[in-house]
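Values in this text are rule-based calculations from the coordinates and carry no lab data. Keep in mind it's a predicted model, so treat the numbers as computed, not measured. Here the Cβ positions follow ideal geometry from the backbone for every residue, glycine too, while neighbour counts run over all protein chains shown.
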Amino acid sequence: MSKNLNLTLRVWRQRGPADSGAFGTYKADGINDDMSFLEMLDVVNERLIGDGKDPIAFDHDCREGICGSCGFVIDGRPHGPQPGTTVCQLHMRHFNDGDDITVEPWRAAAFPIIKDLVVSRAPFDKIIQAGGYISAPTGAARDANSTLIPKPTADLAFDAAACIGCGACVAACPNGAAQLFTSAKIAHLNLLPQGQPERWSRVTSMVEVMESYFGSCTNYRECEAVCPKGISIDFIAKMNRDFLQAKFRDKKKLAGGPLGDAG
Amino acid sequence: MLSGSAPRTSAAAQAPAVRQRRKHHLWVLYFYGSAIGKKAVMAVTGIVLLGFVLMHMVGNLKLYYPDAERHLNAYGEWLRTFGEPALPHTGFLWILRGGLILSFILHIHAAVSLTLMNRQARPIKYQGGRSYAAADYAARTMRWSGFIIGFYVLFHLADLTWGNANPDFIRGEPYNNLYYSFERVPVALVYIVANLLLGLHIYHGAWSLFQSLGLANPRFNQWRRTFAAVFAAAIVIGNVSFPIAVLAGAVDEPEHITGEARLIEHAHTLGTAAETLPGVTFHA
């Protein structure tokens, strides 16, 4: 049996990057508790449009928790109160009738607000460009199983690859650090045989780009707690280890690069 | 995965600030220039400081020996004479102090510069407030506990090493200095509060150092927290017990037996002159 909720929303409204922004208060009455949080916002927006007002802007795409587009802070917690869930998969049944809900965008110097709840996560793309890839010879497709990978290694790499790049880790981190995202992207490739040729340059380059935008890790573990994909901070330890190893291994070519990987 | 995600809304809107890092030619500086490098330095210097804090606490447990004054003063004298004649008087002590001072400075420098970096990373706080899902009190107060411990260390040195904060200070008689220092209730309270904060700092730090150095392994991960908790508890219980023991009258009043006096007595029982004992030099 679904029931209806009457809610009061306090939503961050900001016209553009240069605007200072402020909270706006909206009544959300008659919300079916089978709706997702985004569907609830759709209803509120339809009513706003009907009243000739500017709808609340938010990022979204797949609405099944795998694309990484959606995400904002609900009552002080990225992606809201339900662990392991993106806002598109967060259902209104986790709220109570009469609740006041505060909704705010990710806050980080690296994630400037574009409008309302939409932020630019372009620095994540810069981190990926710095080494979140493998180089492979083109030509005829190889047999799928020609490179043997132990099952536990494949599983661990897949756990890291589950990162959807939503940015909740940065949003939750009191330091605005992107360690969980970066470490997941590094581990995903550094664990696998295909990632080995660029292993050391990957970690140095990606960490360098990460540190040029984001804060540093002080092991609060907030990122792990809010990650909708349950990425473990063990990957951060692995990134630190790979980074330190790369630094000690790669004495002549500090900036990394293919020649620096020798040895 | 990322490439499969939705197209990002025009990033041209406003490009975030990029921190440009100077490329040092000296490897050590280049390494220390990175935040992960600084955290590794914090972890290693933290290990040095943890080792010191543990040995300091264990050494002071001599307060509970039956003949505490002799033992404590002799221990102090031993620290000054150890390594002679290969090393000059207090040579070994100054090697230890050199390592400690360097660790302390690096630990603080790394902490301050990383804190500044982190402040820049979120110039606008959450306007609607934020909640914490995992970060405990110890982790969230590291900067405060560290800051206060730094000042406490200066007071501690002034009180029991330099002596200018302790009217009853006698150089070379740690037992006397410690006894009359802890007898003052406000001073004892400073020691107790500072050591509780030290425990809090260690509770996070002794766990965090494993992550910073990349020491994670499913076999021992669960023990990292236990290690930090036990280490912090041992330091707090040991160190807090000293002022309490003095205040409770569980420790004898000093009889001014110096380490040298103890050596002379020891030589006497052997039937020789103290000067003939191996490795002993007297400084009048």
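Numbers below:
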quantity: Among residues of the range A:81-130, those that are of a type in the set (Ser, Thr, Tyr) and over 13 Å from the mean Cα position of the chain (by Cα), counted; calculated: 1
quantity: Boolean, residue A:215 is facing another protein chain (nearest Cβ under 9 Å) and in contact with a Gly (Cβ under 9 Å, 6 or more places away or on another chain); calculated: yes
quantity: Some residue of the range B:59-71 being loosely packed, with under 14 Cβ neighbours inside 10 Å, out of contact with any Lys or Arg (no Cβ under 8 Å at 6 or more places or on another chain), of a type outside the set (S, T, N, Q) and within 25 Å of residue B:42 (Cβ to Cβ); calculated: no
quantity: Enumeration of residues in the range A:74-100 that are closer than 20 Å to residue A:31 by Cα and within 12 Å of chain B (Cβ to nearest Cβ); calculated: A:74, A:75, A:79, A:80, A:81, A:82, A:86, A:88, A:100
quantity: All positions within the range A:75-90 that are part of a loop (DSSP other than H, G, I, E, B) and in contact (Cβ under 8 Å) with a residue 60 or more places away in the chain; calculated: A:79, A:83, A:84, A:85, A:86
quantity: Test for residue A:93: is it in contact (Cβ under 8 Å) with a residue 24 or more places away in the chain, on the phi < 0 side of the Ramachandran plot and in a helix (DSSP H, G or I); calculated: yes
quantity: Test for residue B:121: is it under 29 Å from residue A:12 (Cβ atoms) and touching a helix residue (DSSP H, G or I) at 6+ places or on another chain (Cβ under 9 Å); calculated: yes
quantity: Filter result (assigned to a helix (DSSP H, G or I), small (Gly, Ala, Ser) and over 22 Å from residue B:240 (Cα atoms)) within the range B:191-215; calculated: B:208, B:212
quantity: Filtered residues of the range A:15-45 (kept if assigned to a loop (DSSP other than H, G, I, E, B), buried (at least 17 other Cβ atoms within 10 Å of the Cβ) and within 14 Å of chain B (Cβ to nearest Cβ)); calculated: A:21
quantity: The range B:165-181, residues that are surrounded by fewer than 15 Cβ atoms within 10 Å (Cβ to Cβ) and among the polar types (S, T, N, Q); calculated: none
quantity: One residue from B:44, B:48 being among the hydrophobic types (A, V, I, L, M, F, W, C), surrounded by fewer than 19 Cβ atoms within 10 Å (Cβ to Cβ) and within 14 Å of chain A (Cβ to nearest Cβ); calculated: B:44
quantity: Selection status of residue A:48, in contact (Cβ under 8 Å) with a residue 12 or more places away in the chain, within 21 Å of residue A:75 (Cβ to Cβ) and not charged (D, E, K, R); calculated: no
quantity: Options A:165, A:215, A:195; residue that is under 12 Å from the mean Cα position of the chain (by Cα) and of a type outside the set (A, V, I, L, M); calculated: A:165
quantity: Flag for residue A:139 being closer than 26 Å to residue B:135 by Cα and part of a loop (DSSP other than H, G, I, E, B); calculated: no
quantity: The range B:123-163, residues that are more than 17 Å from residue A:219 (Cα to Cα) and more than 17 Å from the chain's Cα centre (by Cα); calculated: B:123, B:124, B:125, B:126, B:127, B:128, B:129, B:130, B:162, B:163
quantity: Segments classed as helices (runs of 4 or more DSSP H), wholly inside the range B:90-171, with at least 3 members that are more than 7 Å from chain A (Cβ to nearest Cβ) and closer than 30 Å to residue A:100 by Cα; calculated: none
quantity: Of all residues in the range B:92-123 being surrounded by fewer than 16 Cβ atoms within 10 Å (Cβ to Cβ) and among the small types (Gly, Ala, Ser), the one that is farthest from residue B:49 (Cα to Cα); calculated: B:113
quantity: Residue within the range B:146-168 that is under 17 Å from residue B:56 (Cα atoms), of a type in the set (Val, Ile, Thr) and free of Cβ contacts under 8 Å to residues at least 12 places away in the same chain present; calculated: yes
quantity: Condition broken by residue A:48, with the remaining ones in (1) assigned to a loop (DSSP other than H, G, I, E, B); (2) more than 10 Å from chain B (Cβ to nearest Cβ); (3) among the hydrophobic types (A, V, I, L, M, F, W, C) satisfied; calculated: (1)
quantity: Which numbered condition residue A:240 fails, given (1) surrounded by fewer than 24 Cβ atoms within 10 Å (Cβ to Cβ); (2) within 8 Å of chain B (Cβ to nearest Cβ); calculated: (1)
quantity: Residue within the range A:54-64 that is away from chain B (no Cβ under 14 Å) and either of a type in the set (D, E, K, R) or touching a Pro at 6+ places or on another chain (Cβ under 6 Å) (or both) present; calculated: yes
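Yes or no, residue by residue, for (1) more than 8 Å from every other protein chain (Cβ to nearest Cβ); (2) in contact (Cβ under 8 Å) with a residue 40 or more places away in the chain:
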site	(1), (2)
A:153	yes, no
A:161	no, no
A:167	yes, yes
A:179	yes, yes
A:183	yes, yes
A:186	yes, yes
A:192	yes, yes
A:198	yes, yes
